[in-house]
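Each reported figure results from applying straightforward, stated rules to the coordinates on display, with no laboratory input. Computed from a predicted structure; not experimentally measured. No Cβ is skipped: glycine too gets one built from the backbone with ideal geometry, and neighbour counts run over all protein chains shown.
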């Protein structure tokens, strides 16, 4: 009996441990530390390129600056040597574009240019009418939230006027400053215990999707036109109808492979999924309606077959573009 109770207790403990572990995660927090040193930080985006949706990344170059009182911070503190870009695959400081200015009030102003390849989880739900928030996360290294706090310099933080993205509109930059709590204190016994100041630099961009919409999904729209023509082929032309259906199917399959190579996999139902699913559905309806027309005709119900074929044809002609139009209307802009 005691053995059974021990086993049951161990199982309950394991289940509770799993449940508790699922509820614990790294997160944004509001650290209420006192006497934190406030460090103004700004950014000027000079270049944004290599937006790679399938590989979930982009590349950015930018100036970042800060102003601080060196007497309040460690002797080796230069700002640029105490930060990291937490969502970067790789990043580096350009040594020839790294400056330090001594202000008259005793503070130090640093200006540093960096280049970074950033991980980006692209939102393709409404592709190609999507809006993306390109994000750069900058976080303090060594000095935690018990010591310093980042203050965004929103007045001077901008995107360069010379920066253009073909097919995109760039909206005003936004910067959030907060404290980020990790599940570990990295072995540090004092301080904020795993809480570090972080800044999220967000550059909203909107895609000009009209041309892409028609070119990327052209094969599916051709399949729609082909299926819409089935009504003009009666029951005596069954082979011709099958030929059209096969052409529509090949158009759908070919276009699907093209689109799948351009977009990453996702667990949400996207506009692209809507176009693909609707296209394959009308191809299937076209095949089933053709078989039904032939079977009804063989049973002598030509008029019934004609009426059913007419209803299905008009349902496809009206229903398919209506579904696509609804999906486009759901896009954010």
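By how many nm would the segment from residue 46 to residue 299 lengthen if fully extended, with 0.36 nm per residue of separation less the alpha-carbon distance?
83.8 nm
Using 0.36 nm per residue and subtracting the Cα-Cα separation, the extra length available between residue 202 and residue 141 on full extension is 19.9 nm. With R₀ set to 56 Å, the beta-carbon distance separating residue 92 from residue 229 gives a calculated FRET efficiency near 0.45. Roughly how many nanometres apart are two label points built 7 Å out from the Cα toward the Cβ at residue 123 and residue 218? Reported label-point gap for residue 123 and residue 218 is 3.0 nm. Our estimate of slack between residue 267 and residue 169, defined as 0.36 nm per intervening residue step minus the Cα-Cα distance, is 32.6 nm.
Pick the calculated Kirkwood radius over Cα pairs in Å for this structure from [x] 20.2; [y] 21.0; [z] 25.0? Recomputing Kirkwood radius over Cα pairs in Å here gives the entry labelled [z].
Against the chain, whose longest principal axis is taken from its Cα atoms, helix 238-262 shows a tilt of about 0°. Per-residue ellipticity at 222 nm from helix content only, as computed over the chain with -39500 (n - 2.57) for each DSSP H run of at least four residues, stands at -12500 deg cm²/dmol.
Take every DSSP beta bridge with both residues inside the chain and express the antiparallel ones as a percent of the total, to the nearest 5. The partial results should precede the final answer.
Working: 57 of 64 bridges.
Around 90 percent of the beta bridges assigned by DSSP in the chain are antiparallel ones.
Working from label points 7 Å from Cα in the Cα-to-Cβ sense, the residue 160 to residue 133 distance is 2.6 nm.
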